[in-house]
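Trainee: Here you go, one structure.
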Amino acid sequence: MDIFHVIIDTSILTRTPFRSGGFDRLLLRVQQGLIKLYIPHIVVEERRSQLLSEYSKHAEAVKAALQQMQRGHMAMLLEGLPAVECVVPTREEVDRNSRSVFQRYLADNRVNVLPFTFDHASKALERYMLGAPPFNPNESRTGERKHIPDSWILEAALEIKMKPGRHCVLVDDARFESALKNAEFEVFKDLDTLDSEIETATAVVPILGINPAPPSSSQPAPLNKLRGVAFKDVDVIVLGINEALSNPSKEKLFGTLADMGIERTIAEHEARTLVLSGVLTDTGSHLVPTNTELARSAASEQVVIDLLLRVI
């Protein structure tokens, strides 16, 4: 299965914000190892600044209401309590705090932030001067300036095209959609449509009716090849990585294995097999080895050590 590389535009984040049900569903796909999620730095800052402006409006309204109460007949009730300035954080305080909160949230959920580089700026400026997509050469330069952020996002997105897999952009902007399609991205206007496509692409192919195999002059495949190379050493890897990471939560274990290149569905399958065979105990949130010596032996296997060195 080709992994989905998914880039999000500001037009989607404004209606599907962080910590919403829709965005959480997208993060679940990341945890399942089905997609890699990217947000250009300019998109993060656009959305953060939008929220900061909304906060400022609400904060000013709250301050005005509190100041009115302090001057009115309720003033006595507020004597000795913190001043309005202490109750409502300033825009500068919220600005500083939001930067660290956003950074932590995205890192914790394995969302890749595409940096805005000098090379991106240079190429975006060249697009603007030439009237190349997403710009319209038949429109005035003054009006076209509003599309400069889109050209920055496009340049950052183009670097993802070098990665193997499917390259998708979540965007709801007709002009920008056209530029992205011209660059051979798959464009989705909403999360539901993308999620359906991921579901279809990752669905198990149904088993067809059994028909007699045509005669073949070649030798049959050896029985030890029945499981396929994708399963090779995965049971040892699951047991060894679990031990090396001191029995982390199952979510962290399978997420780490996915980062190491182990397909999550196969890792989960092998973990269930180890539980059925009595090698691991499933507590619901963790996998605990029943034989510590066996687990330590797996952790010292070269295939496990090589994987650990890859993420150091």
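Bear in mind that the values in this text are calculations on the coordinates, not laboratory data. Everything numeric in this text was worked out from a predicted model, so none of it was measured. All Cβ positions, glycine included, derive from the backbone under ideal geometry; neighbour counts span all protein chains shown.
Trainee: Report, by residue number, each residue of the stretch 16-47 that is of a type in the set (Lys, Arg), closer than 28 Å to ASP95 by Cβ and assigned to a helix (DSSP H, G or I).
Mentor: Hit for the stretch 16-47 is ARG47, nothing else.
Trainee: If PHE118 passes every condition in (1) farther than 21 Å from ILE160 by Cβ; (2) loosely packed, with under 11 Cβ neighbours inside 10 Å; (3) not acidic (Asp, Glu) but one, which one does it miss?
Mentor: Status for PHE118: all satisfied but (1).
Trainee: Within the set of pairs 6+ apart or on separate chains, which have a first residue in the stretch 155-177 that is within 22 Å of SER196 (Cα to Cα), a second that is exposed (fewer than 14 other Cβ atoms within 10 Å of the Cβ), and C-beta atoms under 6 Å apart?
Mentor: Listed pairs, sorted by first residue: GLY165/ASP2; ARG166/ASP2; HIS167/LYS161.
Trainee: Go through SER11, SER56 for me and flag whichever is more than 30 Å from GLU184 (Cβ to Cβ) and surrounded by fewer than 19 Cβ atoms within 10 Å (Cβ to Cβ).
Mentor: Only one candidate qualifies: SER56.
Trainee: Output the residue which, of all residues in the stretch 69-96 that are among the β-branched types (Val, Ile, Thr) and not in a helix (DSSP H, G or I), is surrounded by the most Cβ atoms within 10 Å (Cβ to Cβ).
Mentor: Once the filter is applied, the top-ranked residue is VAL88.
Trainee: What number of residues in the stretch 10-67 are of a type outside the set (S, T, N, Q) and within 30 Å of MET260 (Cβ to Cβ)?
Mentor: 25
Trainee: Those residues that are outside any helix (DSSP H, G or I) and surrounded by fewer than 11 Cβ atoms within 10 Å (Cβ to Cβ), I need them from the stretch 121-147; list them, please.
Mentor: Passing the criteria: PRO137, ASN138, SER140.
Trainee: Quick one: in the stretch 1-15, which of the residues that are in a helix (DSSP H, G or I) and not hydrophobic (A, V, I, L, M, F, W, C) is farthest from ALA121 (Cα to Cα)?
Mentor: In this case the residue turns out to be SER11.
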